[in-house]
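One structure below.
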Amino acid sequence: MAEPAPIGVFDSGLGGLSVLREIAAKRPDLSTIYVADSGYCPYGAKSADQIIARAEAITEFLLGQGAQLIVVACNTATIAAVEYLRAHYSVPFVGMEPAVKPAVAATRSGVIGVLATGAALAGDKLHRLIDRHRGEVRVITQPCPGLVEQVEHGDLDGPETRRLLAEYALPLVAAGADVLVLGCTHYPFLRATLADIVRTGVTLLDTGEAVARRVDSLLPPASVVIGVPTAARRWFSSGDPMQMEAIGGRLWGASLRAQPLVA
Ligand code: DGL
């Protein structure tokens, strides 16, 4: 029997592994190709045109590898490029949407904070999402330069990471926010450290699981065979594949063999 086509998943770097792990938990049968665009990371400091060019190059690569669906596992790339990708390619794209709607539903204080990259907050797409869902809730947005790099270096709870998290999150908590939206796929890897910094009473929300449900809904159900073969996983980096193996393997929770991406 022919192997089902893989799905492609990409991010500016290793952050999308937080989304891939939810997809793998929901659909362990799906073979995956993950692209870390670490040679061009961070996207947060790039223009929309630069991000679109990268998203297009990676999409071409993934389609060449036979991807049947592509997950843009990056909020910044989704905001900048997903409409362009959908207009130019027929394969389905699943993008990220920061958890503003569930955050508005969850707040008791009436104040929420949205942590995201500079590029994600620069356009009007995220602000339109906020306007659509905020109702009476006060929404404070906070760009977080530097956090993506800390995760890329595998520094999830060192002094500099803690300093940045405190600088970005504590003013939101002081302003009354009881829910913080993790609006970048790198941030779930900082969840434990952030929870320690903001202490109890603050809920941290991301949308990795929602994306996994969306992927599942777009694909045929897993075939019921006895002894389902383990999904094949392939890994590519436009940066240093050895760094992806070292740090990506730690974030993923298992060793991985990365190949260079030339795209
Ligand atoms: N993981 C990306 C996101 O969700 C990070 C973007 C960046 O490289 O700045 O926005």
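The values are calculated or read from the model by the stated rules, or taken from the named source; none is laboratory data. If you're wondering where the values come from, they're calculated on a predicted model, not measured in any experiment. All Cβ positions, even for glycine, are placed from backbone atoms using ideal geometry, and neighbour counts span all protein chains on display. Areas reflect the complete protein model, heavy atoms only, side chains present, ligands, DNA and RNA absent. Shrake-Rupley method; radii C 1.70, N 1.55, O 1.52, S 1.80 Å.
Looking at 77, 81, 55 in this structure, which one is part of a helix (DSSP H, G or I), open to solvent by less than 40 Å² (accessible area, probe 1.4 Å) and farther than 23 Å from residue 31 by Cβ?
Working: 77 fails: farther than 23 Å from residue 31 by Cβ; 55 fails: farther than 23 Å from residue 31 by Cβ.
Criteria check complete, one pass: 81.
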Scanning the range 7-23 for residues that are more than 8 Å from the ligand (Cβ to nearest atom) and closer than 20 Å to residue 245 by Cβ gives 8, 9, 10, 14, 17, 18, 19, 20, 21
Being open to solvent by 10 Å² or more (accessible area, probe 1.4 Å) and either more than 17 Å from the chain's Cα centre (by Cα) or without any contact (Cβ under 8 Å) to a residue 40 or more places away in the chain (or both) narrows 170, 165 down to just 170
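Please find, among 78, 59, the residue that is among the polar types (S, T, N, Q) and within 25 Å of residue 205 (Cα to Cα). Write out each step before concluding.
Details: 59 fails: within 25 Å of residue 205 (Cα to Cα).
Within the list 78, 59, the selection yields 78.
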Over the range 24-50, the set of residues under 15 Å from the mean Cα position of the chain (by Cα) and either open to solvent by 40 Å² or more (accessible area, probe 1.4 Å) or within 12 Å of the ligand (Cβ to nearest atom) (or both) is 36, 37, 38, 41, 42, 43, 44
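Which of the helices (runs of 4 or more DSSP H) contained wholly in the range 120-221 include at least 2 residues that are away from the ligand (no atom under 16 Å from the Cβ) and under 27 Å from residue 80 (Cβ atoms)?
Values: elements: 125-133, 147-152, 159-174, 191-198, 208-218.
Those helices (runs of 4 or more DSSP H) span 125-133, 159-174, 208-218.
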In the range 9-23, anything open to solvent by 40 Å² or more (accessible area, probe 1.4 Å) and not acidic (Asp, Glu) is listed as 21
